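Here is the structure we will look at.
Just so it is clear, none of the values below were taken in a lab; they were calculated from the coordinates. All values reported here derive from a predicted model rather than from experimental measurement. Note that each Cβ is placed from the backbone with ideal geometry, even for glycine, and that neighbours are counted across all protein chains shown.
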Amino acid sequence: MSAQEPAKPDRALAFALTFAIAAPVIYVICEMKNWPVFTYHPGTGRLDWGWAAAVTDEGPAMYWFGWNLSMLIGGAVMAGLAALAPGLARRLPLSLTWLFPLACIPLYLYALKFYWLH
């Protein structure tokens, strides 16, 4: 390993730190904008790409799985980019790994207000 190349643990730390910060933010954005990768219809076992409305007499449409996949893809892409430049991620304070998820909770609760106000 040359003196210029960062150690692998630095890359892993940059990946983990960035994913922990980005994932909850991406999840809340995908949920609020309704951007699932796919929609699952459990009544028929059908998958539709992107957002799809529930079909009459087929039961509800489930978006949660699609939002999770959106979060995993987005978080992995951002974390992968951060792992390419671990020196930048090293400047991020570790407290952001719990501050960002905590900050997303009120936003997520606001997005679910529809369920509590009816």
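Here are a few things to note about the model shown:
- The range 9-38 and the range 79-118 have Cα centres spaced 7 Å apart.
- C-alpha long axis of helix 96-111 to longest principal axis of the chain, angle in °: 20
- Taking a ≥ b ≥ c as the square roots of the eigenvalues of the alpha carbon gyration tensor, the chain is oblate, as a/c is not under 1.5 and a/b does not beat b/c.
- Fewest-first ordering of TYR115, TYR110, TYR63 by other beta carbons within 10 Å of each residue's beta carbon gives TYR115, TYR110, TYR63.
- Under 5 Å, built H, 5+ apart or other chain: amide partners of MET62: TYR40, HIS41
- Approximate spin-label separation LEU84-ALA53, in nm, with each point projected 7 Å along Cα-to-Cβ: 4.1
- Against the chain, whose longest principal axis comes from its Cα atoms, helix 8-33 is set at around 30 degrees.
- Cα long-axis angle, helix 64-84 against the chain (0 to 90 degrees, to the nearest 10): 10
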